[in-house]
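For reference, the structure is listed below as structure tokens.
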């Protein structure tokens, strides 16, 4: 019991009350950056000439990435509103 009180007092002293929330925000931001980079690569490769099968796969990949970016932005907005 004393150990828990000690940890709580150290957290409040260092200002780490929202530590979990901030780490979640940081990881979501990093994932969004990676997804945006991947989306750019996919759109650039879509502009080059490919056969129909590759074009369909790239288009499907772009749709999945776009949906994941939307979900990530929604989660980030939810975390910031808390």
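The values are calculated or read from the model by the stated rules, or taken from the named source; none is laboratory data. Bear in mind the structure is a predicted one, so any value in this text is a computation, not a measurement. Virtual Cβ from ideal backbone geometry, glycine too; neighbours counted across all protein chains shown.
Of all residues in segment 36-82, exactly one satisfies the criterion of being within 18 Å of residue 25 (Cα to Cα) and not in a helix (DSSP H, G or I), namely 82.
Do the conditions hold for residue 26, that is, is it assigned to a helix (DSSP H, G or I), exposed (fewer than 11 other Cβ atoms within 10 Å of the Cβ), at pLDDT 75 or above and out of contact with any strand residue (DSSP E or B) (no Cβ under 9 Å at 6 or more places or on another chain)? When the stated conditions are applied, residue 26 passes them.
Restricting the first member to segment 56-79 and to residues that are at positive phi, and the second to residues that are surrounded by 15 or more Cβ atoms within 10 Å (Cβ to Cβ) and assigned to a helix (DSSP H, G or I), no beta-carbon pair is closer than 7 Å while six or more apart or on different chains.
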